[in-house]
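The next block holds one structure in the form of structure tokens; read it before the comments.
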Amino acid sequence: MAGLQNEEHLGPTPMGHSTRIAAVNLQGQTPPYSVDHDQDQDHLQDPAAAHQKAGWRKFLAYVGPGFLVSLAYLDPGNLETDMQAGANHGYELLWIIVIGLVFALIIQSLAANLGVSTGKHLAELCKVEYPKYVKLCLWLLAEVAVIAADIPEVIGTAFALNILFHISLWIGVLLTGFSTLLLIGLQKYGVRKLEMLITVLVFVMAACFFGELSYVKPPAVDVIKGMFIPKLSGQGATGDAIALLGALVMPHNLFLHSALVLSRKIPNSVTGINDACRYFLMESGIALFVALLINISIVSVTGTVCMANNLSSQDTDRCNDLTLNSASFLLKNVLGKSSSTIYAIALLASGQSSTITGTYAGQFIMQGFLNLKMKKWKRNLMTRCIAITPSLIVSIIGGSSGAGRLIIIASMILSFELPFSLIPLLKFSSGSTKMGPYKNSIYIIVFSWILGSLIIGINVYYLSTGFVDWLIHNNLPKVGNVFIGIIVFPLMAIYILAVIYLTFRKDRVVTFIEPTKSDPIIQTSIESGLRKSEEELQMHQVNYREDLAHVPLPE
């Protein structure tokens, strides 16, 4: 996005050449790019029409990555944490959602800019920059984040199967592995139609909550106060706030978005790169604004229903132990007897669509850090088998209530994991070693680092104070407390030291490479949107990755 770039570098050099970075591989060679002969002929035949191409049509050419990533902001983990926040604290934690999604918009845009400007995604840059053992740890933490994000999908799908077919929760957990493999297998028969169907089902649930919102009519003043006045009161408010942040700002999404933008063909010109960044920002803004409205409506509906004075004893019990499995009563005013069925279908779609994004993120992480590629079904099977294990144990022992608490724990793990993908992203996108003169503006650097530091600080504070409080008030014998302290306190110190190391370590590997100088006339033609010969197209077509082109995005 043009607003995130230094304005002084947006123009061409005095010789008329662009200094925008080209997409290069680690050996300094430009990747191969395909040429659209038909489109080139169209430009040759009617250059004026090509130059005046409608802005919305240009925008549609970049649509896909942002909306695919945004599905992760509507997954079962978000639903669970939103409903817990509304049931336990009413509207008081709405400001967390606003801040979380504003921050998500910023860092998702930074991730997209990083991919567009460097031709490499975040995992690949981490592999180049960090020492062997550091990048190995970052890879393991990224894989843990993918698995933690997959746990809510497993449990949410199991809940949906339980509601629809009345099967035991633990059997539903086992079936989730097969259901996702089936879904991925069906992609080759029409992935865009399949993903469109899933998206429609997810938005059906959103429409249901919007309808319920208009029925219960939450007090507008209280909702606005909750959105803009920070407040953490009541038991467990800090934990619920961290879980909300973990469900909204997910580490694996940063790896995913920086890779997905590379599936688009972007001209090697100042105008082409800035247009791509702006369009990706617009797309992410639209998608995350919709996600913001949906998340706010879920919290508001839950808070209004569960805080009502005339709540029946049955609904009071449900609100006190609210899980995805029992939440369909929140929609009964709009949907009546069919509320549980429609809710379960939408919950099933939410879990499956989020699983697709998690599978792609895991694939890019493995390819970037290890240069290792796996077939999608193998990758999904591995991740799903690991995620099923804790979900299966908890569902057998703790039932629906225990499974709901596991979703909250998984969201908190994601929040604690965030610094290990966020800090590299902020450093890479703010430094000249990776972005050259096109690093973030000083305003974006300051704002993003302040927000990132606040989130990391809250995590560290909660991690330390929460553990100390538990250590003081638990019923374990003193010997047990000492033993646990000996194990946990060093781990907390390692966590803090790792964050400090990533923050203050100076980036050493320079991956920014000046593009090849070209004829000023050709450059002017490229920047004006006109293209001439196939040779020129091959010279100026950049940031397109053949190895990422198979990602099924809408065109």
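The values are calculated or read from the model by the stated rules, or taken from the named source; none is laboratory data. Quick caveat: nothing in here was measured; it's all calculated off a predicted structure. So basically every Cβ, Gly included, is an ideal-geometry build from the backbone, and we count neighbours across all protein chains shown. For accessibility, only protein heavy atoms count, side chains too; no ligands or nucleic acids. Shrake-Rupley method; radii C 1.70, N 1.55, O 1.52, S 1.80 Å.
Quick look at the numbers
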quantity	calculated
Selection from segment 430-455 of residues that are assigned to a helix (DSSP H, G or I), modelled with pLDDT under 85 and not hydroxyl-bearing (S, T, Y)	M435, G436, P437, I455
Boolean, V334 is part of a helix (DSSP H, G or I), open to solvent by 20 Å² or more (accessible area, probe 1.4 Å) and touching a Gly at 6+ places or on another chain (Cβ under 7 Å)	yes
Selection from segment 364-410 of residues that are small (G, A, S), closer than 23 Å to L79 by Cα and touching a Lys or Arg at 6+ places or on another chain (Cβ under 9 Å)	G398
Residue within segment 294-309 that is modelled with pLDDT under 85 and more than 22 Å from the chain's Cα centre (by Cα) present	yes
Boolean, F364 is open to solvent by 30 Å² or more (accessible area, probe 1.4 Å), in a helix (DSSP H, G or I) and modelled with pLDDT of 85 or more	no
Residue list for segment 259-289, filter: of a type in the set (S, T, Y), open to solvent by 10 Å² or more (accessible area, probe 1.4 Å) and more than 21 Å from Y73 (Cβ to Cβ)	T271
Hits in segment 461-494 (condition: open to solvent by 60 Å² or more (accessible area, probe 1.4 Å) and polar (S, T, N, Q))	N475
Test: residue in segment 375-389 that is modelled with pLDDT of 80 or more and aromatic (F, W, Y)	no
